[in-house]
Structure formats: structure tokens, C-alpha cells
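In what follows, a structure is listed as C-alpha cells, so that the remarks can point back to it.
What follows draws every value from the coordinates through simple rules; no lab data is involved. In this text, all values refer to a predicted model and were calculated from it rather than measured experimentally. In this analysis, Cβ positions are derived from the backbone assuming ideal geometry, glycine residues included, and neighbour counts consider all displayed protein chains.
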There are 2 protein chains.
Amino acid sequence: MPRFSASYLVETPLDPERAAAAMAGEQSSGTFLKLAGETDALRERHAARVEAVVPLETTKSPSLPGALPGETYQRAEVTLSWPLENIGASLPNLMATVLGNLTELRELSGFRLTDVALPDEFIEAMPGPQFSIPGTRLLAGVDHGPLIGTIIKPSVGLSPEDTADLVRQLVEAGIDFIKDDELIADPPYSPLAERVPAIMRVIEEHAQRTGRKPMYAFNITGDIDEMRRRHDLVRDHGGTCVMASVNWIGMSSLVALRRHAQLPIHGHRNGWGLFYRHPHLGIDYRAYQALLRLAGADHLHVNGLASKFVEADSSVIDSALACLTPLLETSNRDDRAMPVFSSAQTIHQAPATYAALRSTDLIYTCGGGIMGHPSGVAAGCHSIRAAWEATVSGATLEEHATQEPDLVVALRAYPSPFSG
Amino acid sequence: MPRFSASYLVETPLDPERAAAAMAGEQSSGTFLKLAGETDALRERHAARVEAVVPLETTKSPSLPGALPGETYQRAEVTLSWPLENIGASLPNLMATVLGNLTELRELSGFRLTDVALPDEFIEAMPGPQFSIPGTRLLAGVDHGPLIGTIIKPSVGLSPEDTADLVRQLVEAGIDFIKDDELIADPPYSPLAERVPAIMRVIEEHAQRTGRKPMYAFNITGDIDEMRRRHDLVRDHGGTCVMASVNWIGMSSLVALRRHAQLPIHGHRNGWGLFYRHPHLGIDYRAYQALLRLAGADHLHVNGLASKFVEADSSVIDSALACLTPLLETSNRDDRAMPVFSSAQTIHQAPATYAALRSTDLIYTCGGGIMGHPSGVAAGCHSIRAAWEATVSGATLEEHATQEPDLVVALRAYPSPFSG
């Protein structure tokens, strides 16, 4: 009988073994009474099982309020497992089982889901990424190196025509990838029905002239029927990517969008801070990105090194490596997601990003890092590409700059976030 | 130009005015450069506006890691507003705007969304609850007092026939409302295709014999197409309620389910602990329940007083009162949700619950509080109803018990969670 398991970092005023038993009980029978119908056979077949409890350090005060009082609070790694039969192949019901009421137990003063392990049957029943890295490279016409990208700014307020004018500049500058900001989807001042044709006219003209068709991720976030219609609009105008705010559309809608989609799905995780900002509450992205990939995301945001956000660099790298690790090793299906780096990225993050990943299977988006280049947008775009070429070839940015004037200018214009 | 606003409890190492300005900037232009296309006219029309900053206490250490360093950290209430034009009438895009990257700003060492205020245009464009309180009462045949309910336990493992046998006991005992646990949706060992007919056969027989048709909330959580099919299955067998794990299906799927539904939607918020357990991270239910109602939830869980979970009683009551407060005062549409009380509820929580709400427009679910009654399930059910009748009439449970033997037994069997 295949089982799935979930690992947690917990903190408890109780003996961790007892806390783990409470967790397992809550997620299989869940009441304070011994139940008439809960036979030994039923329990044997359906109960959650405590697979491992590894005690860690203790702390004097609880990380989260509301828990049972204790003299000290012990942290522990706990792994629980369940028979797959309890849920079938369903992502939202997986979430209800591995998170659910566990998040509110008085036995726990800290609760963080750190990983999930799913049987092949579950993984194979999920749609998974349709395009993944090879499909994205093919559509974007970028066979090696990262996709150099940017985000339309200002985030809000540009008309479709103004946006198309900006896109013209960007594609002429040699960009590989452009995306809408998460703050603009289908608003009355820039409806997709006008924005998509205006932008795709520019991109198609560029493609016909140059043979290169940059990828544009249109933000189609909405109700599922809206998203299906918007996807079709993008597809019908020759667009090659759709984007959605995955936390707000939800797991069920992501699966539904994936089953409908003929284009890669760019998964934007805005709001994710709610899940990771407290070290003893929430979900590790290692666990969550796997579920988003199973639901069908082809690209997933991971922030970037030395970004303007709170996330530690080590967490960013762990997230990106997770996205690049296959879920099913033995399958022909490529179920990796392309990690998307963003937020305050310039030439300077290329070396450290590559050193940590040893891969260029990523989308590297810069705003000011491209648009703010003193010699213009094309030079900005080229300087980022040159920074990655240097890095992959094993040269420093300074060494490579001897052949790349745009990189020289960028080195002078952008201070390194790692120095000082 | 109609605007929507969001209120926050934040904590910051900066002057709170500066932190609020950073929040507004992030959620309308969002880069570290002054942008070419960001004209004054555009900013005037689309920028987020800081509506209020109310400084609160300071603290020595940050509530959340990763923020900019400071000597002290000041808490403050911040209210921002945006033109509705930025998003149109879309719940997932509202979430991206009022939460989004704000959750990761280094300017904030605490971040909690406390409320949202939406213009009538937005509210009217949302489906809202289809049945709300009057529709639920009509379908359940309960014109006054709370719906007395219970949850099928064991949560997992019962076959369709075993579940139907339990339902027979419960409906014969006089229950108004039964629900699946959130841990069981449509698993292979109890597929809805078998569970729904088995249960509805029992309920329909009971209805024909007695004229009373208790409401059963079938957990149809799944992908949106699965949910639509499962909803139809429930409807076609005479069922009167469907349930979904709202956090895992997501806002877009809840809207889609509501637009399809001909039955009340029972919104189960399992996993909600992630959003409220830390006082300086997350979302207040006051804000979130409004969005779930706009998406179409007819019933919403609020935990219960003196429950086995971490939530404080004051928070439970605040949540329930929020569910019972209309969003549009002037409309004919009833957009309240029926709050669902659960977890370790017995006769003893009736008086305090009623004292706080001054309403019986609620679903009061008991597990052991009914099933564990020494005189049996019918006595358990009757004792809960008697406790509420006593409370509404202004009598104490002890006073009313003189006329109610089942209540006498319950008073002896169940210790009060409020005493001692």
C-alpha cells in the first residue's frame, strides 16, 4: 500500500514523541473520545503513522502563542506518513492532510512543514509542468544560458499602447523574456483584450524581422473561466506564456489552468512571505514548489541573491535547487520548473547564482539592472548577458569586461551588493 | 473614482511614515529606479495612497527576522488605498495588491493584514453567498435556534455503508446538520459516487417519514472540474450542501464553484492556523472571511470557545461577529455567512457563545459532546438543543435542567471547560 509522508520542524512543551502522536491522531481520527467505529482494523489501515522524531534544541519561551504551557519548549523534526488511499491523487486534499488542523494544535508552539515525499502513483497522476525547461527554451529561442528578462514597470497605469512601446524598446534591445507585474492582470485601463494584441503585434513583427521571438508572460490571474478565456486570447495572438499568482488562484485552479493550457505557466508566488517569514511557522518552499510543479507550473519565482526582500540568500538557492531537482527520476517527463530570479538583480548576482546552481536553466529578470544602464536598454540587456557569459566561461566580470564595453559601464554604474 | 483600502498592523525599524510610503511604493511602481514612463499624471491616477499611520508601542527586538536593523522597532496601524481601476473586480488580484510583495519587505519586521474596505461596485460584482442564513435554515428545516451538528468520526476509514449507518443513528437522534471531516473527500475507499447515494438514501427516507431533512455537507474538495461533477452528484441525490477546504482550492476555484453551485457552500478553513498563529504575521479573519463570503461561501468555520485549538476565545467571537455583519447594508442580498462552531464543543459553550453573539444564526457542531452522552446519541443531541433553549430563554443550564433529564446527565458527564 503506497504511503505519502510529510516532514515538519515543530516546537512543543511536551515530550516530542507525545506531540508527534497528537499530530498523527489529529490527522486521522481527531476527537477527544475513543470512538465506537474506530476499530483496530480501521486504525491499522488508515491511521497516520509517526515515522521519525528527532529531538533538537530547547528554548525558554514559545515561538508562537496559544500553546500549552511548559517550562521549556523542545524543537524536533517529525515525519508522519499516511496511506495514499486516505486522499487519492488530489493536491488540495493532500494539503488538508499534511497541514489542516495541525497548524492550530495546542501541543505545538512552532509548526513548519519542511518537506513532502510522494509515491510515484501520486506524482504520475498529476499533470506536472507541460513545457518545463526544454519547452520554455524552445519557445523563447534560447538554447543556452539563462533567459534574460525584465518586468514591465511602472507596474500599474500604463496603457496597452504605452506598454507595447516599452516592449518594442525591450525586444529591440535583445531581451529574451518580459513579464507583466503581478499588480496588473486585466484591469479596465489596460484590458488584456487590448494589451495582448498590442504587445503581440510588436513581438510578432520583431520575430518576422529577426527570427527571434521573445517570450512575454501575460498575467491572466483571475477566476478559472476568466483564465481559460485569457489563455486562449494569448494563444490566439501568438503569445507563448501565461502568468498567474499561484497563491491567490489556489491549487485547484492551477491544476485546471494546466489541464486547459497550451502555453507555459509562469507561477508568481506573491504573498509567499506569509508562509516563510517566521522560522517556526509556515511552509518551506522545498515542499511547496513540488506541489506547484505537480499542479503544472513551468516557471516558479524564487526571489534573487542580495535582493531587496527579507529572504536569506541560502533560502533562495535552496528554492532554486529544489525547482531544478526532478520529482520522478526515472520518468521521460521533465518535471523541473525553471526558477525565476528577480528583485534588485544586476550583473553582480550572476557569479554567485551560477556558483551555487551550476546551471543556467533559469530566468534572470532585472528591472533597474537593465533599464538603468547609462548607455541605454540594449547595453543594459547586453551587459547582463555578458556577465553570464563571463561567469559560465569561468572568468570574473572584470576580466571579461576587457572585451565588453557595456559590462565596463555596468561595473561602474552598479555597485556590488556583496561588497562592503 | 472608487477606491479600496487595506489596513495593517506593521512593525518597522524605520519611521512608520517612511515604512508606509515604502509599502505604497512597492504596491504601485515597485523598483529602485525613478522610471521613464512613470509620469506625474500616471502616479496621481494609479499610485497607492497612504491614508493613515497610527504609531503604537515600540519593541526592542524584531518580531520577524530579515528586516533592516534598527535600535527599536515601532509598531503602527497603517491604512493604504488604491483606485479600484488598478485591479477591476477580481478577488485574486485584490489579494496580489493588498498582500503581494508587502509580505517580504525589509522595511517591515511585522506584517499583518487586519481589514479590507471595498467599494460597493466591487462587492456587487462578486457572487456572494447564494443561500446565506435564510437559505440554509430553509433547506435544513430549522427556523430558529442554532443548527445542531456533528462531524462524521472517525474522520477517515469508514466505508460508505458504515458512514450511512452512522448517519442513520444521527438523523434518528434528531441532528440538524452533519458534515464530512476535512480529511475525507473522494478517496478510493469511500468514493463520493458511493457515499453520496448511501447517505442520501438514509436522509431521504428519514425526511419522508418525519418531514425533517437534515443537511449533510459532503466534502467535494478537489480540482474545479471534479468539484463541479461532485456538486452535481450531491444535488442529483437530493443533497443540500457541499463543503470545500477553501484555503487549498483557492479563491478562484471558490468563485467558480459558487457560480456553478445550486447548493450552499460550507467553507472549511483548515490550514488557517498558518495565517493567524503569529500575532505580527498573517491575516486577521475579519479581512479574510469577507473575501471568502464575496467568493461565495455560505458557511464559514470559526473554531469554538474553549476549543482544543490555540485560538483565543476573543478571536473566535470576533470572527463569528464578522461573518454575521453584512458587507452591503443597503442591499436586498443577504451576504452574511453562517459561522460554524466546532472543536471540543459541549453544552457548556452555549451560554458564553450566545452572550457574545446575541444570535443563534450559527451551526454548532459537537463530536464527543453529542456522541459521548451517557444516555446515547439522541440524548446527546437533545441535551445540546436544551442547552441552547435554556440560554436563549435567559435561564442557566442548571435551572433548565430541572425540566430536561438529558441535560442533567450531560451536566454530570461533561466538566465545564470554563470552571477551575
Could you give log10 I(q)/I(0) at q = 0.24, 0.25 Å⁻¹ for region A:353-420, computed by the Debye formula over C-alpha point scatterers of equal weight, without solvent? -1.15, -1.22
Any idea what angle helix A:192-210 forms with the longest principal axis of chain A, computed on alpha-carbon atoms, 0 to 90 degrees, nearest 10? 50 degrees
In angstroms, what radius of gyration and Dmax does region A:104-156 have, counting Cα atoms only? 19.6, 53
Any chance you could get the radius of gyration and Dmax over the Cα atoms of region B:129-280, in Å? 15.2, 54
Given region B:83-202, report the % of alpha carbon pairs whose separation exceeds 21 Å. 62 percent
Can you list, shortest first in nanometers, how far A:S331 lies from the same residue in the other copies, with each label 7 Å from Cα toward Cβ? 4.2
Across A:L64, A:L362, A:L91, the residue with the highest GNM fluctuation in chain A (Cα network, 10 Å cutoff) is A:L64
Please list, in order along region B:145-160, the HN-Hα scalar couplings obtained from phi with the Karplus expression 6.51 cos²θ - 1.76 cosθ + 1.60 (θ = phi - 60°), rounded to whole Hz, x for Gly and Pro. x, x, 6, 7, x, 8, 10, 4, 10, x, 4, 10, x, 6, 6, x
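Given a Förster radius of 25 Å and the C-beta distance between A:A125 and A:E51 as r, what FRET efficiency does 1/(1 + (r/R0)^6) yield to the nearest 0.05? Before the final figure, lay out each step's value.
On the way: r = 23 Å, r/R0 = 0.91.
Calculated value: 0.65.
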Pairs of alpha-carbon atoms within less than 8 angstrom and 6+ residues apart define the contacts here; what relative contact order does chain A have, in percent? 15 percent
Between A:A312 and B:R212, what is the spin-label point distance in nm, taking each point 7 Å from the Cα along the Cα→C-beta axis? 5.8 nm
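Report Rg/Rh for region A:332-373, rounded to two decimals, where Rg is the Cα radius of gyration and Rh the Kirkwood radius. Show your work: numbers first, answer last.
On the way: Rg = 12.2 Å, Rh = 11.5 Å.
With Rg and the Kirkwood Rh in hand, the quotient comes to 1.06.
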Taking the dipole of region B:3-125 about the Cα centre (Lys, Arg +1; Asp, Glu -1; charges at Cβ), the one of B:F122, B:A19, B:P92 that reaches farthest to the positive side is B:A19
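Using the scaling law 2.2 N^0.38 Å as the reference, what is the normalised Cα Rg of region A:254-296?
Values: Rg = 12.4 Å, N = 43, 2.2 N^0.38 = 9.2 Å.
Compared with the compact-globule rule of thumb, region A:254-296 sits at 1.35.
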Top mean-square fluctuation among B:L105, B:L324, B:L294, Gaussian network model of chain B, C-alpha springs under 10 Å? B:L105
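Which value results when the Cα radius of gyration for region B:57-126 is divided by 2.2 N^0.38 Å? Could the numbers behind the result be given before it?
Details: Rg = 15.2 Å, N = 70, 2.2 N^0.38 = 11.1 Å.
With N residues counted in region B:57-126, Rg over 2.2 N^0.38 Å equals 1.37.
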Measuring from its Cα centre, the protein assembly as shown shows a charge dipole (+1 at each Lys and Arg Cβ, -1 at each Asp and Glu Cβ) which, in debye to the nearest 20, is 300 debye
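Using the crude model of +1 on Lys and Arg Cβ and -1 on Asp and Glu Cβ, and no other charge, please compute the dipole size for chain A relative to its Cα centre, in debye to 20.
The dipole of chain A has a size of about 280 debye.
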Largest fluctuation, B:A41, B:A290, B:A355 only, Gaussian network model of chain B with Cα springs under 10 angstrom, belongs to B:A41
For region B:3-125, what does the equivalent ellipsoid look like in terms of its semi-axes, each the square root of 5 times an eigenvalue of the Cα gyration tensor, given largest first in whole Å? 26, 17, 12
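Rounded to the nearest 500, what is chain B's calculated 222 nm mean residue ellipticity when only DSSP H runs of at least 4 contribute -39500 (n - 2.57) each, over all residues?
Details: 18 runs with 170 residues, N = 420.
After summing the helix terms and dividing by the residues of chain B, the value is -11500 deg cm²/dmol.
Compute the projected area of the convex hull of the Cα atoms of chain A, averaged over all viewing directions, and report it in nm² to one decimal place. Mind dumping the intermediate values first?
Details: hull surface 92.2 nm².
Mean projected area for chain A: 23.1 nm², to one decimal.
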Computed over region B:201-278: relative contact order in percent, which uses C-alpha pairs under 8 Å that are six or more apart: 28 percent
Can I get the semi-axes of the protein assembly as shown's equivalent ellipsoid? Compute them from the C-alpha gyration tensor as square roots of 5 times the eigenvalues, in angstrom, largest first. 48, 27, 27
What is the distance, in nm, between label points placed 7 Å from the Cα along the Cα-to-Cβ direction at A:S416 and at A:T72? 4.3 nm
Given the rotation that superposes chain B on chain A, what residue of B brings its beta carbon nearest the axis, and what is the distance in Å? B:G250, 0
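Rounded to a whole number, what is D in µm²/s for region B:205-244 from Stokes-Einstein with the Kirkwood radius over alpha-carbon pairs (37 °C, 0.692 mPa s)?
Values: Rh = 10.8 Å.
Answer from the Stokes-Einstein relation: 304 µm²/s.
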Principal axis box of region B:147-200, alpha-carbon based, largest edge first, Å: 30, 19, 14
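Mind scanning B:K213/B:K308; A:K153/A:K308; A:K60/B:K60 and naming the pairs with a C-alpha gap bigger than 28 Å? Before the final figure, lay out the partial values.
Working: B:K213/B:K308 31 Å; A:K153/A:K308 16 Å; A:K60/B:K60 18 Å.
Violating the 28 Å limit, Cα to Cα: B:K213/B:K308.
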